[in-house]
Structures are given as structure tokens and as C-alpha cells.
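A short write-up of the structure that comes next.
The values are calculated or read from the model by the stated rules, or taken from the named source; none is laboratory data. Predicted model only: the values in this text are computed from it and were never measured. Every residue, glycine as well, gets a Cβ built from its backbone with ideal geometry; the counts of neighbours run over all protein chains shown. Heads up: the accessible areas ignore ligands, DNA and RNA and are worked out on the full protein's heavy atoms, side chains in. Shrake-Rupley method; radii C 1.70, N 1.55, O 1.52, S 1.80 Å.
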4 protein chains.
Amino acid sequence: MAFFTEPKTERYRMVSRAATGNSTVIDVGGVKIGEGYFPVISGPCSVESEEQVIAIAKSIKAGGAKILRGGAFKPRTSPYDFQGMQAEGLELLSLAKRETGLPIISEIMNQSQIGLFEDVDIVQIGARNMQNFDLLKAVGSLKKPVLLKRGLANTIEELLMSAEYIVASGNPNVILCERGIRTFESMTRNTLDLSAVILLKQKSHLPVIADPSHAAGIRSLVAPLAKGIMAVGADGIMIETHNNPANALCDGAQSLDLEQFNDLMKDLKKRAELEGKEI
Amino acid sequence: MAFFTEPKTERYRMVSRAATGNSTVIDVGGVKIGEGYFPVISGPCSVESEEQVIAIAKSIKAGGAKILRGGAFKPRTSPYDFQGMQAEGLELLSLAKRETGLPIISEIMNQSQIGLFEDVDIVQIGARNMQNFDLLKAVGSLKKPVLLKRGLANTIEELLMSAEYIVASGNPNVILCERGIRTFESMTRNTLDLSAVILLKQKSHLPVIADPSHAAGIRSLVAPLAKGIMAVGADGIMIETHNNPANALCDGAQSLDLEQFNDLMKDLKKRAELEGKEI
Amino acid sequence: MAFFTEPKTERYRMVSRAATGNSTVIDVGGVKIGEGYFPVISGPCSVESEEQVIAIAKSIKAGGAKILRGGAFKPRTSPYDFQGMQAEGLELLSLAKRETGLPIISEIMNQSQIGLFEDVDIVQIGARNMQNFDLLKAVGSLKKPVLLKRGLANTIEELLMSAEYIVASGNPNVILCERGIRTFESMTRNTLDLSAVILLKQKSHLPVIADPSHAAGIRSLVAPLAKGIMAVGADGIMIETHNNPANALCDGAQSLDLEQFNDLMKDLKKRAELEGKEI
Amino acid sequence: MAFFTEPKTERYRMVSRAATGNSTVIDVGGVKIGEGYFPVISGPCSVESEEQVIAIAKSIKAGGAKILRGGAFKPRTSPYDFQGMQAEGLELLSLAKRETGLPIISEIMNQSQIGLFEDVDIVQIGARNMQNFDLLKAVGSLKKPVLLKRGLANTIEELLMSAEYIVASGNPNVILCERGIRTFESMTRNTLDLSAVILLKQKSHLPVIADPSHAAGIRSLVAPLAKGIMAVGADGIMIETHNNPANALCDGAQSLDLEQFNDLMKDLKKRAELEGKEI
């Protein structure tokens, strides 16, 4: 009896490592994501204001981040929580992109929003939408890269199958992202599964990154996890930063402040050298 | 440290038991769902043909089922699996409704499909979409009942918060459904959490039903689980049936055949008497 | 890849249903446990004093309980928590047995304690010791029944394998007990897995009971879960009771008081009639 | 409601970081385990013969391992699986210790075996015995170091509480070991929780190591996980090796062969330099 292993290997034939001779390297406005590279994606959980997003973008760019993240449409457990600045948030991200030259990534929550994401360089599918198959098909019709986060209760095989939905719909530019799974452990927000990063790279030719911020939910774990993420062979990382974590409108407890981020970047640069990776 | 309990109780204030004097009883074309009732919802995983859905509908109606279920849009792990008959499937369900008089329920996968669900009596939000917040808001604008299934990795509190999204968007007719959570146990498809049924009824005024078919994934568990579901106090049940399970296009291994279903109904009717419930 | 299913079915050949023509019915001082019976085992988490254990034993006997439980050696997460009355606790249980005629069950924590359990009718192996294989072998050399609780993270197959250890060591009198598994849900202490009760009975000839008290950890869930446990076909139940739950030295929040227990017994007796079981 | 967080922080006061000014460094026959060091413990799952254990011990010593592991008493899910060479296995380990000078570690399964472990330098408590409290108390009376593995379903707090049992019983020399927890993911044997390594070091002064072999259950994951383990700040690592993995009596699929181990050691030595750790 093996309920979780139902999908046969050949079912994710387009994203399977066997499908190509090489590892896929995706180019996002000149930034490479894939084998041999370790781009750092960073920025706030939510875009909150022009001042906030510009200040963060400039600081992380100086520190070495290659891509700016920022939430505009926010999936929140409670309807009474801040739902993001929405379209206005995307405009502020675009502004930060023009100011800094950093490509931008933001989460899409449903296919009717696609038109708003024209200036967004990477469209993110969040963990809760990993098996929103209509959304996967919709972003499969785009030309731009899609970052696909693993669901909280989804197996490695299911993540590959969801990536297959996007690629089979016509978009080969998928980046996989491990961000922690839900387990019985309650001292962390989720349990980061670094074995998944390794297995995803063994089984698929797609780039694989990890997100220590959502996995841990605790600021003091982010830097050590980031080092572990690079050491196991991930192709990049996504880290939440904020210019004022104590007053962040969401996820402040897991966000690095700008100085902490820059300190971490210095450390990661030394490590990237050892790994032979371009950071 | 208590990451799962972040949402405060008052955050689901509209669905909270404290919000009303009574338990909510929802009327679906004359069928009551709520305290004092135990309607049985049944039908195939997928609508496959006119013959199939009519045969099943007539048989289960004769057995005592009150509502017909049937999947038209199917969320499937693999893009290469049967994705459902879609709009045509909904038409066949409508046909079965006219033939038998049974109200119908079917799963919606995204808000653009709402127009197709006009003749559908209960709109189902599947487990994978429990935190598809835009879809929750969209069905919150409907007048018809919504069946909200618990996600595979979602807590009881998160289910209540998702129900709150629908109610806060204007639709008070929400039915909660426990359908098993994902655990380490691999002998069953999921682990049915009957404590959740009890707690949901203690904490909320909404009707609570359970789905033993998806929880177990094994036909031989469905009847004993159905008895357990009634005994713990659920307000109804949803059971997959098929006129030819061995050749079902999806989930055949967990579907009862029509005779098994009718045998189970006879048993449940005796038990409903003991419980003082109208089945 | 299927790590949990490594043990082959034939590895639990002695406890397998295929091993015998019948279901095993175990006799404990005249009380039958097995197919056709539904004995209720009850008593305090910990034996605390002569007054306490005698008062509880008399009350639950009057209510219809058939076996008295009481912890003497207590496995506690913290070394600074009450560790049980130990040998003295067993003596008080024996006293209650003489006063009421109820057979007694208590948990053994290591094999050096076996001598102290001479007057104990059923030796309990707790969840944390389900894979303490040396202890399993040791109780396998006894003649008296052993109640084997499922571990918090143990599969159904592993529970059967642990039972096989005891039977293969010479003791065929094993009672299996589902008591909840550890999942991500934090509103209950554990998640009661009633599918496991059904599967254990399908796969093994051994009696299978369930413990709603430890599973739920919340008093208000115990009665509804007890009804569910009987309805799915369990061969008995173990329920914690206390004459003063608010001041219990352990697990007071999940213990029924004596009146609640007797009310539940009245309900269970009616249900046993419907099930055709001797309670 | 927070069932997992019941134990108060002060309950593990002796192992808490607040209890001492420094990190504890344990000396095992000249080998240091604790902050600033990264000893590699290696050897076979089971001692199988003199030839096997000597060959492995010599090879891993040459490669840079500092401590030899070898199972003599084996906790096996099935009573029909190889249960280890037992006392004879310990004698062969002692022989390998005399031949190579490597300190040895082996798992104890119950307190009656303590006399046999006189020549064993570190006594290991396996994952299944993490809450075998009588065994914890028993090894708490020893003077030699104890390696305490995290249980498959035990929280970080529970691991600290179990360590507290040992320290409170008089033995301060406890080494904590993360070895993977049980989750829904079935592609790996367990899910290695590297956040736990970081949190254990933040919360306790005890040394913390990790075991990638049991966590992953797959040979190809061991080397990348080992790098991750060092990068997050662990104080050491335990890796299974075998001179002939294809014919190992247990856990061959997760064992490195001797050449793979030595290749990994070369890589780890470079990394230890970057970390400023003595390997």
C-alpha cells in the first residue's frame, strides 16, 4: 500500500532530469538562476510604502542581492488581517525596479491578476496554491519565469507534478522552492526539508532554491539555515528583510533587518567561493 | 512558542458558536443540513457519462441519499490524468437532478467557473483550495450553500478562518467537511480526524459533515467509518459510490458499489433513530 | 521508494488474521476481550491514595466498568513531574481489586519491574515503549495478557510487528490499543486514528481497543469519541476517570469525573445493544 | 491550547544554555565534542565480523574519523530481522578500539546491559528509547558520555527534557543528536530537521551533532546533508559506513562505502577550515 507514491516517475517526464542533457539555467534580466549560480532574492513580506520598498531595495542591492521580492497580494489565514497593497503594491515594486535595476518577484493569487504582473519578472505561486491547478495552467501560458513553492503538506513528487503542469502548459521556466513542511514540531513555523532540495536537484533539471524565513519563522535561524541551504547545493535563496522588522505589517518575527542581511551576504559570498558558485 | 495558534479566537467571530443562539440549519431544496439531521450525500468521484450518473443517482436515491455529488472539474496531481468532463459534466449532473429531484453538489476550481454553477445547489471548495482566499471571497458573494473541505495540512482553526472568509464576504451558508489530514501513516490515504468533527461543532454554529471515502482511500473502511462519523455527532456524510468501481475513471478503490451503499444506508437508518436524527 | 512499508506482511505471521480461523477472545478473570464484547476499562491516570483509588473503583464498577486501570509507574516528559507511587501504587490497586473484584491493569516501564506485577491482571506497554523490544520480549515470557499501545509516531504495521515480538516470545494474549498519533494539529493532544482500529481488526485476529482520553487530551471530546470508537467496531475502550479531576496529579484535563463516566456508560450500554455486543 | 508546549522552560534548567557560562565540551579519550570542534563518528550499522569492523575502523581512521560507531544490540522493527551480534559485537568493537586507538560508541537497549558497556566510550540511546525514562536514569548514573538521539516523533523541547533526566541523575556528559523526524514525506526515510540543530544549540549548552544516514535513508543524500550539517553549526556528525554496503546486514542502502566516506572527509576538512572548527 503506497498512497503517496501513486504518480509514476514518467508522469513528470518534462521536468525530469532524464528529459534534458543539462541543468536548466534561467535568465531573469541578466540574473542567472540554476546550476553554478546562487542568486539571493530578498525584500519585505509585504510592500508597505514607497519609502519602505525603496529603502530596502537599495540596501539589499548594495549588499549583493540580485532580485527584489515583495508581497502585493497576500494570502492571509484571517480575513481580518492586512491583505496587501495589491495593485498599488505592484506599482511600488516597479518603481523600486526602476530605481535599482533589480528584477522583481511577487506572488500571484489568481489568474485574473495576470495582467497586473506585466512588469513583474518572476511570478510566484505560493505554498497554498501549489495544487491550484487552474492557476498552474494559467502561468503555464506565460513566457516569464515562475517560482513554484512547495505546499505545506505536499510531497516532493507532488511538487514535481505541479511543475509538470506549468511546463506541459508551455512555460519551461520554472524555479522550484522548498520552504518548509508542516510537522508536529511547534517550535519552528515549519520544518525546512533540505533533503528535498537535494532530491529535487537529483530528479529534475529545474533550478531549486529554498526559503529559510518562512520555514523557520524565527529571525535567529535564518542565517545558519542560509549557510546550510548553500552547502547542500541549492541554486539560490529567498530571504525576507525589512527596514523595521518590529513594525512590519506581516512576518516581522522572521525578517532580517538590513544590517543583519548585509552581514549574512558577506558570509555567503565567502562560502560561494568555496562552492564555486556565482552569488 | 505557538505558531499554529496565532489566530485569536475572536478572529473567526462570525462562524463562532458564540455568534448565534442556535446551530445553523441550511436548507438545500428542502433537504436540511445541520443539528438534528444526517443527510447522506453520495455519487461518483467523476461524472463519466449520462448512463453512469443517472444510474447512480437513481440507485442512491432509492437507498435514501438526499443529495447527489459528482465531480466535473477534477483537481488531479498529474496533468496527464483525467481532468473531468468539465462543463459537460455539470450538464449531466443537472440532467440527473431533473430525473431524480436530488439537489446536486460539485467542486468549483476557480472563480471564473461560477457562471457554470447556476444549477448546482451546493458549491464545493476542495481540500487543496481551502486557503485559496480569492476563491473563498468569490463564493462568499453567492447566495447558495458552500461546502468547505478541510485542507490536508490545515488545522481546525484555519478551517474556521477560511469559513470566516466566506461568511464575512456575505454568504452565511457554509458547511464544514472533515476529510482526513496528511500524516506519517501510509496504510490509509489520509487520517480521518473525528476529534475535529466534535471540536468544530463545539466551536462553530455551522453544520459539520465528514467524508470517509477520501479519508480512507480504501473501500472496506468506508462503512465502519460512516458509523463512527454518525456516532461522534456529525451532521451528515459524503460517500463516493460508483456503478462499476473497478472501471471508475478516478478513485475507484475507495468507491462503494451501489449494493454496498444501499446496505450501508439500511444500517445508518437504524442508527439515526438511536441518535434522534432525521436521515 | 516506500520506507514505511518495508516490513513484509508475512513478517507478522503469528498475529495476522490469516494465522487463525477465529478472532482471539482473551479472558481476564472472567472478563472477555475480543469480538462480540466491549469491556470498559477505566480509572485514574495515577494512583494517588487509597481513598482515591477505592472511591473511583467502586463508582466505575457500579457504572459498569469491567476492569480498573491505574498508573503506578508514570512515564513523564519532565524529571521534575510526579513519577507515580510506584510499588505502593500497585499495592493500592491490588487493594481496590480485592474490594471490588475488578481485574486491574497498570503500565510497566522496564523488565526489572515484572516481579511487582504478579497481582496485576493485564500488563500495559505504554506508547513510548511500543518499540522497546527488550521489554516486549520480556512480557512475551509472561502468561498474562499484555495491552500494547500504539506509539505516537508508529504505523499500523509497526504496531503489528511489535505485537509479533510478544507473541513470538511465547505470549499469545496481546490486546492492541489505538491512542492517537502525533500530527500537526495542535488543538487536540493527539489525533485519534479510528481507521487504524478498523484496519487492525481486518489484518489481525487480536482484540483492538482505543483510548479516547490520551488521544484527545480534552474532557469534552471523550464521550463523543467513545461512541465513535464503539461504532467503528472496536473491542473495548479505556477511559480515564477521576473523583476530583481539577486536583488530579496528572492528566486531569482529560479525565471524566465519576458522574460523567456513569452517564457515558448508560449511553454506551444502549449502543452496545444495537451493536450486538456484551458491554 | 498548546499541548506540545506544556513543559515550562525552567523544567530543563540543568541543560539550558542559561545554566552555564560556556558551551560544554566533552572529552572522549582525547577527542573533543562541543563548540569549536567537528568530530566525525563513523562505522557500520551493525558489527558483523572481526574482519568487517577492523577493515572499516582502519579505513575511516585513515580518512579522519575520530570515533568508531557499531551496533551490537539492534532495535529492529521485526522480531525476525537480525538482532545484532550482542555481547560478541561489543567485544569486536573493543578489539577494533585496541587496533586503531579510536574511541567507540554503541547503542544500549536496556539498563541490564550496562555492565557490558564498560569498555564502550560513549553509550548511545537510540531514537526509540528517547523517552525510556528508566533507561535515561540508568545512564545518568554513569560517568561516561551519553549520545541521546531525538525520537522520531519528539519535539525539540522533549529532547531537552530527556537530556535533563540524564543530567539530573548525575551525568552531565550528554551529546544531543538530530536524526530526522517522521513526517508525511515518503521519499526519504525521515525528514532531517536542521532547524532543530540550531535551536538546540541556542537553548542548551550541550554539544549537538546530527546523523544524515538515518535521516535520509539514501546514500546519495548523505554527503550533501553532511555539508549542510556542518554549515548550520553542528558540533559533529555520525555517518554510517560499510566495506560492502550491498551485502550489509542492516541499512546498506544508506551506508557510504569506504571510498565515498574518505572523499567526503576531504571535502569536510576544507569546510572545517572555513568554519574555524577542528575536525
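Summary for B:SER112: label point 7 Å along Cα→Cβ; distances to the equivalent points in the other copies, ascending, 1.1, 7.0, 7.1 nm. Working from Cα pairs under 8 Å separated by at least six residues, relative contact order for chain C is 21 percent. Taking 0.36 nm per residue of separation and subtracting the Cα-Cα distance, full extension of the segment from B:GLU51 to B:ARG13 would add 9.1 nm.
Averaged over the residues of A:171-182, the number of partner chain Cβ atoms lying within 10 Å of the residue Cβ comes to 2. Entry note, chain D: the mean residue ellipticity at 222 nm calculated from DSSP H runs of n ≥ 4, each adding -39500 (n - 2.57), is -10500 deg cm²/dmol after division by the residues and rounding to the nearest 500.
Heavy-atom accessible area, probed at 1.4 angstrom with all protein chains present, ranks D:ARG150, C:ARG128 as C:ARG128, D:ARG150, highest first. Cβ-Cβ distance of A:SER112 and A:GLU259, R₀ of 41 Å, FRET efficiency by 1/(1 + (r/R0)^6): the value works out to about 0.55.
Using Cβ point charges alone (K and R +1, D and E -1), the dipole size of the protein assembly as shown about the Cα centre works out to roughly 0 debye. The dipole here belongs to the range C:99-239: it is taken about the Cα centre, uses +1 on the Cβ of Lys and Arg and -1 on the Cβ of Asp and Glu, and is about 280 debye. Comment: the Cα-to-Cβ extended label point of A:ALA62, at 7 Å, lies 5.4, 8.0, 8.0 nm from its counterparts in the other copies, nearest first. Among chain A residues, the one whose Cβ is nearest the axis of the rotation from A to B, given with its distance rounded to whole Å, is A:ALA153, 1. Which longest run of chain A has no exposed loop site in it, a site being GluC sites (Glu not before Pro) in a DSSP loop with at most 16 other beta carbons within 10 Å, and the site itself not part of the run? With a cap of 16 other Cβ atoms within 10 Å, the longest stretch comes to A:119-279.
Taking every protein chain into account, the accessible area of the range C:1-106 amounts to 39 square angstrom per residue (probe 1.4 Å). Across peptide B:156-163, the average count of Cβ atoms from other chains found within 10 Å of a residue's Cβ is 3. Between this copy and the others, label points of D:ASP267 are 2.1, 5.5, 5.9 nm apart in ascending order, each placed 7 angstrom from Cα in the Cβ direction. Look at the Cα gyration tensor of the range A:171-279: its axes a ≥ b ≥ c give a/c of at least 1.5 with a/b at or below b/c, and that counts as oblate. Of C:LYS61/C:LYS144; B:LYS61/B:LYS144; C:LYS144/D:LYS143; B:LYS266/C:LYS61; B:LYS97/B:LYS277, which sit over 31 Å apart, Cα to Cα? Flagged as over cut-off: C:LYS144/D:LYS143; B:LYS266/C:LYS61. Across peptide D:198-208, the average count of Cβ atoms from other chains found within 10 Å of a residue's Cβ is 2. Net charge dipole, chain A: roughly 600 debye, given to the nearest 20, about the Cα centre with Cβ charges of +1 for Lys and Arg and -1 for Asp and Glu.
If R0 equals 45 Å, the separation of the Cβ atoms of B:LYS143 and C:ASN247 corresponds to a calculated FRET efficiency of about 0.30. Under the rule a/c < 1.5 gives rounded, and otherwise a/b versus b/c splits prolate from oblate, where does the range B:71-209 land using the Cα gyration tensor? Since a/c reaches 1.5 but b/c is at least a/b, the shape of the range B:71-209 is classed as oblate. For chain D, just say rounded, prolate or oblate: build the C-alpha gyration tensor, square-root its eigenvalues into a ≥ b ≥ c, call rounded for a/c under 1.5, and beyond that prolate if a/b exceeds b/c, oblate if not. The shape class here is rounded.
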